[in-house]
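Notes for the one structure printed next.
The values are calculated or read from the model by the stated rules, or taken from the named source; none is laboratory data. What you see is a predicted model, and the numbers here were worked out from it, not measured in a lab. Cβ sites come from the backbone with ideal geometry, for glycine too, and all protein chains shown count toward neighbours.
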Amino acid sequence: MTTPDSTAGNGDKNNGFSALALSPQMLANLTQLGYTQMTPIQAAALPPALLGKDLIAQAKTGSGKTAAFALALLSNLNPRRFAVQALVLCPTRELADQVTTEIRRLARAEENIKVVTLCGGVALRGQVASLEHGAHIVVGTPGRIMDHLERENLNLEALNTLVLDEADRMLDMGFFDDIVKVARQCPSARQTLLFSATYPEGIARLAQQFMKSPEQIAVQSQH
Ligand code: ADP
Ligand code: MG
């Protein structure tokens with residue numbers, strides 16, 4: 001008996017991801033990255049996220065939350081439109097760098113997609129130059145993003161996806177007001193995805209400020 005793989009290299013080997021509305025190139029890239037199974041938070045978050053719904057998703061650290069929002073924002077993105085279409089807010093520079101690296105790995109399946117990281121503690125001038133060269137995706141910390149918005153270095157008119165990553169940590173660090181201000185500068189016709197390891201009270205207040213009937217997902221730790 002033969003077991004031909006008639007699905008061009010994806011299909012069964014990509015159990016889970018292949019059921020999603022992702023391009024064949026993206027599925028092949030996921031296979032190449034060794035992403036053969038969706039993690040539980042990806043399996044729960046990706047179907048509604050790819051339908052364009054707002055989400056509040058909670059899962060512990062190391063559960064694969066980055067790819068969950070990265071695949072959603074990439075699916076909303078038009079690479080031929082050279083404007084910032086997605087913004088990811090992270091609590092620290094280190095986390096912003098990690099998110100940028102993961103988005104670049106996932107985005108390499110698509111056309112040239114430019115990701116720019118904007119965090120505090122770095123000279124503004126170089127960041128302004130990067131923005132002037134053009135970016136599809138911006139990843140950064142709320143204070144510095146707000147700074148660039150106030151200086152009109154960053155234009156969010158074409159934005160269609162706003163992501164809050166590690167929202168609980170951003171609240172711990174006192175970023176509530178900056179996050180709300182940034183969200184108010186985004187077009188209201190957009191998707192907002194909030195990811196967090198825990199669910200402190202501030203998250204619901206944050207969501208009330210600027211999310212649209214968010215679907216709530218929580219994947220509990222198995223340990
Ligand atoms: P979190 O943000 O939830 O802490 P990350 O997004 O940083 O977790 O992912 C943790 C690790 O798991 C990363 O090294 C990432 O490349 C890997 N990973 C994510 N999704 C998958 C998957 N579906 N299959 C295999 N590895 C994955
Ligand atoms: Mg993370």
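Things worth noting here:
Conditions tested, residue by residue: (1) away from ligand 2 (no atom under 15 Å from the Cβ); (2) at pLDDT 95 or above; (3) within 15 Å of the chain's Cα centre (by Cα); (4) closer than 24 Å to Met170 by Cβ.
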site: Ile41; (1), (2), (3), (4): no, yes, yes, yes
site: Ala45; (1), (2), (3), (4): no, yes, yes, yes
site: Thr61; (1), (2), (3), (4): no, no, no, yes
site: Ala72; (1), (2), (3), (4): no, yes, yes, yes
site: Thr100; (1), (2), (3), (4): no, yes, yes, yes
site: Arg105; (1), (2), (3), (4): no, yes, yes, yes
site: Glu111; (1), (2), (3), (4): yes, no, no, no
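- Residues of region 37-55 that are in a helix (DSSP H, G or I) and either more than 9 Å from ligand 1 (Cβ to nearest atom) or aliphatic (A, V, I, L, M) (or both): Pro40, Ile41, Ala43, Ala44, Ala45, Leu46, Pro47, Pro48, Ala49, Leu50.
- For region 212-223, a residue qualifies if it is more than 16 Å from the chain's Cα centre (by Cα) and outside any strand (DSSP E or B), and the qualifying residues are Lys212, Ser213, Val219, Gln220, Ser221, Gln222, His223.
- Counting the residues of region 23-36 that are surrounded by fewer than 16 Cβ atoms within 10 Å (Cβ to Cβ), out of contact with any Lys or Arg (no Cβ under 7 Å at 6 or more places or on another chain) and not in a helix (DSSP H, G or I) gives 2.
- Filter result (touching an Asp or Glu at 6+ places or on another chain (Cβ under 8 Å) and within 16 Å of ligand 2 (Cβ to nearest atom)) within region 47-59: Leu55, Ile56
- Those residues of region 103-139 which are surrounded by 14 or more Cβ atoms within 10 Å (Cβ to Cβ) and free of Cβ contacts under 8 Å to residues at least 12 places away in the same chain, in sequence order: Arg104
- Residue in region 56-78 that is in a helix (DSSP H, G or I), of a type outside the set (S, T, N, Q), touching a strand residue (DSSP E or B) at 6+ places or on another chain (Cβ under 8 Å) and surrounded by fewer than 20 Cβ atoms within 10 Å (Cβ to Cβ) present: no
- Considering residues of region 82-98 that are in a loop (DSSP other than H, G, I, E, B) and modelled with pLDDT of 95 or more only, the residue farthest from ligand 2 (Cβ to nearest atom): Ala83
- Verdict on Gly143 being touching an Asp or Glu at 6+ places or on another chain (Cβ under 7 Å) and under 27 Å from Gly202 (Cβ atoms): yes
- Any pair with Cβ under 6 angstrom, 6 or more apart, that starts in region 160-178 at a residue that is within 12 Å of Ile203 (Cβ to Cβ) and ends at one that is part of a helix (DSSP H, G or I) and more than 12 Å from ligand 2 (Cβ to nearest atom): Ala167/Ile203; Leu171/Gly202
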